[in-house]
Each structure stands twice: as C-alpha cells, then as structure tokens.
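Shown next, in structure tokens, is the structure this report addresses.
Just so it is clear, none of the values below were taken in a lab; they were calculated from the coordinates. The model shown is predicted, which means the values in this text are computed figures rather than measured ones. Note that each Cβ is placed from the backbone with ideal geometry, even for glycine, and that neighbours are counted across all protein chains shown.
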Amino acid sequence: MSIFNRKTSDEEKELLRQQKLDEKYMNMALREADKAAASNEVPIGCVIVHNGSVIAKARNRRNGNHSALGHAEIIAIQQANKKIGDWRLDDCTMYVTLEPCQMCAGAIVQSRIPRVVIGAMNPKAGCAGSVINILQLPEFNHHCDITYGILEDECSQVLSDFFTNLRASKKAEEDLKADDPETAFEPVQAEPDCKDDSDHNQE
Ligand SMILES: [Zn+2]
C-alpha cells in the first residue's frame, strides 16, 4: 500500500469516527426534542459538547417558559456558560436538531462556538444557510464550521409527527364541537393561522 493510500484510509477512518460521534450526540439532542414534544412544545433539542463531555442538554421551552427566548440553543448556551464559567464557548460543538433561527445563530456567533452540527434544515426560517447564513458571514469576526445533515431524516420526522398530531387533535376537537348540540349552531370561527407551525419555528 502506498503512503498516499494509507493516508487516505486514515482520513476516511477519522471521518467515519467523527460521523459516529456526531450521530451519538445528535441522538441525545433528538431525545431532548422528544421531551419537548411530550410537553407540547415544538420538538427541537440541543446538546453542547466540550472536549468530549456533554456540558449542556436543552429543549425548546418557549411555551412553558412564556418566553420568546426559550429556544433550545439559547438555554443550552446559558447552561454551557455556567458550566465552564465563561461566556466564550471555545472548543465546544453544538448539536441541534433543526437549523438555528436568527436569534440563536446570533447567540452562537456571540459565544464563539467553533462548530455547529445541524440535523434538519428549516428552509423558511433557518439562518445557517437557508434564509441567510449568520454563522458564516464574512463581515463578522467569528465564523463557525457547520456540519449538515446528521440524522436529518430522524430530526425532520420528529417535527412532522408533532405537527401531524397537532393538526389531528385540532381536527378531533373541531369534530367533537360540531357534534355537541350546544355548540353546533355557534358561528364558525376563522381558522387559526397555522403558517408558523409549518415553518417549523419553535412556536
Ligand atoms: Zn432559535
């Protein structure tokens, strides 16, 4: 075997090792997303790893916390800051099941996280390449390495299952109401705007 081949094979092994690790931590983020779904929050999860140790695990809590800042990434960044006693998250990797929004992408840049691993993309609201790429704007002084598509199908599935169930329960509620003789003749209410739901925002 030539030196070149040996090098390539070592690089391939390293890539494979990294991919396995990425999948392991993305799975942890997915478990956080599951917990969010169980509390009727849009299922998005986030994990931050520092030198091989998990230092933060968080899920979307916007409804529960009554806070527009309750996104998984923001909560995870706060946990990680506390854990390592620094606002700078050098040597950290963030794993997040859905492409970050503008607020979270801004916080990732502000906390100097060097690497972000993303599960599913968010074509209508994502700010790590879909609408804009805040993590890699040349004008800013910090740029993240991004790895896309780790457990992408699983990360998308948890969101589509959540919205399918949500629509089904809304429909069941409406059907039930229509069957109720006391409410059957109530004027029909305008349909709530579900646009944001299908955008997979953390609403
Ligand atoms: Zn966000």
- Item | Estimated FRET transfer efficiency (Glu12, Phe163; beta-carbon r; R0 30 Å; 0.05) | 0.20
- lysines with Cα under 21 Å of Lys13, excluding same-chain neighbours fewer than 8 positions away: Lys24
- Measure up Lys35/Lys124; Lys57/Lys82; Lys57/Lys83 against 19 Å on the Cα-Cα distance and list the ones that go over. Lys35/Lys124
- Could you list which residues have their amide H under 5 Å from that of Gly45, counting only those 5 or more apart in sequence or on another chain, with H placed in the peptide plane? Ala33, Thr97, Leu98
- Item | For region 44-96 versus region 113-176, the gap between their alpha-carbon centres in whole angstrom | 16
- Residue by residue through region 28-45, which ³J(HN,Hα) values in whole Hz follow from phi under the Karplus form 6.51 cos²θ - 1.76 cosθ + 1.60 (θ = phi - 60°), with glycine and proline marked x? 5, 5, 5, 5, 5, 4, 4, 5, 4, 4, 5, 9, 6, 10, 4, x, 9, x
